[in-house]
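Read the structure below first, then the notes.
The values are calculated or read from the model by the stated rules, or taken from the named source; none is laboratory data. Nothing here was measured: the structure is a model prediction, and the numbers come from that model. Don't worry about glycine lacking a Cβ; one is built from the backbone with ideal geometry, like all the others, and counts go over all protein chains shown. Accessible surface is based on the protein model in full, side chains and every heavy atom, while ligands, DNA and RNA are left aside. Shrake-Rupley method; radii C 1.70, N 1.55, O 1.52, S 1.80 Å.
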Amino acid sequence: MTISDDGVSLRNWKSVLRRDVPASLVVFLVAVPLSLGIAVASGAPVAAGLVAAVVGGVVAGALGGSVVQVSGPAAGLSLVVAELVHTYGWRATCAITVMAGLLQLVLGGLKVARAALGVSPAVVHGMLAGVGVVIALSQLHIVLGGAPQRSALENVLELPAQILDNHTHAVMIGVLTIGVLLVWGRIPRLRTVPAPLAALMIAALTAAVTGWDLTKVDLKGGFSSVQGPVMPQGDWHAIAGAVLLVALLAGVESLLTCVASNRLHDGPRADLDRELTAQGVANTLSGALGGLPVAGVVVRTTTNARAGARSRWSAVLHGVWVLLFTTAFAWMITLIPLEALAALLLFIGVQMVNLGHVRNLRSHREMPVYFVTMAAVVLIGLAEGVAIGLGLAALLALRRLAWVSVDARETGERRWRVVVTGSLTFLGVPRLTEALRGIPAGVVVELDLHLDFMDNAAFEALHAWRLEHERTGGVIDVDEPHGEWYAAAINGVRLFPARIPPRHDRWWLPWAYRRHSRRMDAAAGDAGSYAVLSADGGGHDDVPVLCEPQGMPDLMEGTREFQRRTAPMVRSVLHRMARKQSPSHLFITCADSRIVPNIITASGPGDLFTLRNIGNLVPRAGAVPADDSVAATIEYAVKVLDVRMITVCGHSGCGAMAALLGEVPDLPALRSWLRHGRQSLARFVAAESCDDDAGPLDRLCRTNVIQQLDNLRTHPFVDTLVRAGELELMGLYFDIGAARVHLLDRERFTPVPELRTG
């Protein structure tokens, strides 16, 4: 028998008793004062907040999509509820809550919950901050012993007069409550009791002892005083809009809290559609019973997770405790001064303006959305503020999508470089043509198009300029590193942004296989030929073939390409390490031109301290002939650079190993050097023959790696560090034909597993 499908069964009652029951008590102690305060801020009966807390805990907790989320009355909805109460009355507001719950049920059934994640967080945080400001301004008047005004602006204008009036007892109890809230959490021994509960208890006790003239919470009759819903009267368009607003705001807040709850625990991940459906059931029931709208609440959810909750039993039990407490001890709630509740709400409202969110949004350049939404909510209204925030977020998103940068500068005598970056649409055509207009006629232009999109208007403008420039004797070299938008438009090929594979054919292919565009035949209207890479066969035998092998680059061409394309991307990284290198590995490999350490290890500048020689040999300490070069490299890497790993990487078809198996060429220096490979040859001869590779040559290549690792241990300072666990030795073998790296594991080489996605 289970309470849900999340794996929490009656057999786990020990875990429930040990973790979930204590957590539920902590959440209960937080939920009661917050529910009372939100009800007061919403202009609803105080009992309505407790009804929502019970329903949110028991119903949404049992049916919801998150095992730790706690639902109940939310401060973010208080402005909407207060406006609905003022317009339609409380009982009609309950009916609107019921209809909003039914709408959430429909939306949950349609599985549209993830669409809520498309709402910009800047809008949500700005809305909550605006609500917090409005709550703080209105409750400040109550703390001062007065009454809040109809709008935030009126509250600001009336504040000086309110401060000048003498409301001694109200001010003192409010200041006392806020003081307890500020200090309580800073004292470790007192943290077991939630600060909101402690503040209200101390305020109630102080009011009772001093006999101050304060307004007390009205909870006569407890839950029995709650009245059911009645159908609202008035314009049905306005009523439908109110239903939609409550459903969407409560749903979005619940779903965002649900997503955030995933980061608070290691249990099952949240099911958003199930959560939205559960919120619909809870709101339908809460409205029918005379309660406030229900939503997932960040404060209670965070408290629940931090208190050690492991299953949804904690949320359910917290609702049960609220029900039992209100039924048995309603008289205790009537001792709480309204001014203390107002001070609690003032404190909560200020906390809703979260500076941490502002800092996060700043790095994404979304602060305008946040502040505009917050200001609109404060000055105009909640629905209007959210609409304005969504509109601004959409406009900024469109602006970013249509953003383009055009940089045109002279790079030499009669040479210019133009770099266009971003999405080149009709919106960017004026900026593009303005930059191109400044390029003199007849010069050589390097045109780099770093584009993720190009529309027809932009293509027409760019192509017309190119034709005119080449007609007057100019030369244009077009380079499109990220997708051939320009070339495709010339050839009439239709491209889709999401389907364009990134071009990686520049940096890892040999010079002979690089693609190069040639000059366009302007008279014929042809925009130039683009060499195309094709592939033969299948599997690992695919070899790129240059269809038009003209204009192959040389070393200088390669350096120019580096300066033009790669240097701007790596300059900031190299600048930071210009004064010092801190590699993590000493990488010893063969001088073979087919072995590129940075490719087979996916490493970058500063990662590998590399030693290359014929045969990736490491002469033994005291070997004859001596080789100080290799020993100096190892010494410097270990003692100066403090590397923590030395890797020896061999490869298939090694020419040095082939020479050891056959006859060493009559090259004196090479013959002398290959004497350091005799131990590898002897080890190979002594080993048993096996048929697990392509033949004796590759078997010797692998044996050589093992021998060179042993040779490293003959150097005393290496052996000492290895024994102390401060240095690690590793062997790799690169199968060139299969493009596969093998890792040495106890005298055997095993292929490095590939990462597979999906």
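Ordering Val705, Gly483, Ile187 by the projection of their Cα atoms onto the charge dipole of the chain, which places +1 on the Cβ of Lys and Arg and -1 on the Cβ of Asp and Glu, puts Ile187 at the extreme positive end. Given +1 at the Cβ of Lys and Arg, -1 at the Cβ of Asp and Glu and no other charges, the dipole of region 581-668 around its Cα centre is 240 debye to the nearest 20.
Placing +1 on the Cβ of each Lys and Arg and -1 on the Cβ of each Asp and Glu in region 340-474, which of Gln351, Pro440, Ala376 has its Cα farthest towards the positive end of the resulting dipole? Farthest towards the positive end: Gln351.
A simple spin-label model places pseudo-atoms 7 Å from Cα toward Cβ; at Arg269 and Val640 they are separated by 4.9 nm.
Please label the shape of the chain as rounded, prolate or oblate, based on the square roots a ≥ b ≥ c of the eigenvalues of the alpha-carbon gyration tensor (a/c under 1.5 means rounded; beyond that, a/b larger than b/c means prolate, else oblate). Note, shape of the chain comes out prolate.
Rounded to the nearest 20 debye, the dipole size of the chain about its Cα centre is 1740 debye, using +1 on the Cβ of Lys and Arg and -1 on the Cβ of Asp and Glu. Mean sequence separation of contacting Cα pairs (under 8 Å, at least six apart), scaled by the length of the chain, corresponds to a relative contact order of 14 percent. When each of the peptides 292-305, 597-610, 420-433 is scored by how many other beta carbons lie within 10 Å of its residues on average, the order from highest to lowest is 292-305, 420-433, 597-610.
The phi torsions of region 467-474, fed into the Karplus equation with coefficients 6.51, -1.76 and 1.60 and a -60° offset, translate into couplings of 4, 5, 5, 6, 5, 8, x, x Hz, rounded to whole numbers, with Gly and Pro shown as x. Taken one residue at a time, the phi angles of region 258-271 give Karplus couplings (6.51, -1.76, 1.60, θ = phi - 60°) of 4, 5, 5, 5, 4, 7, 9, 8, 10, x, x, 6, 6, 9 Hz. Gly and Pro are set to x. Relative to the Cα centre, the charge distribution of region 598-756, modelled as +1 at Lys and Arg Cβ and -1 at Asp and Glu Cβ, gives a dipole magnitude of about 160 debye. Farthest towards the positive end of the charge dipole of the chain, among the residues Leu608, Ala342, Leu721, is the Cα of Ala342, using unit charges on the Cβ of Lys, Arg, Asp and Glu.
Counting only DSSP beta bridges with both residues in the chain, the antiparallel share comes to about 40 percent.
Peptides 409-418, 344-353 ranked from most to least packed, by the mean per-residue count of other Cβ atoms within 10 Å: 344-353, 409-418. Summary of packing: across the peptides 99-110, 575-586, the per-residue average of other C-beta atoms within 10 Å ranks them, highest first, as 99-110, 575-586. Only protein heavy atoms count here; on that basis, with a 1.4 Å probe, Leu744 has an accessible area of about 40 Å². Placing pseudo-labels 7 Å out from each Cα toward the beta carbon at Glu413 and Leu205 gives an inter-label distance of 9.1 nm. Taking the longest Cα principal axis of the chain as reference, the axis of helix 696-713 is set at about 70 degrees. Between Glu434 and Trp236, what is the FRET efficiency for a Förster distance of 60 Å, r being their Cβ-Cβ separation, to the nearest 0.05? The computed FRET efficiency comes out at 0.65.
Of the trypsin sites (Lys or Arg not before Pro) in region 168-254, the ones in a loop by DSSP (not H, G, I, E or B) with at most 14 other beta carbons within 10 Å are Arg186, Arg191, Lys220.
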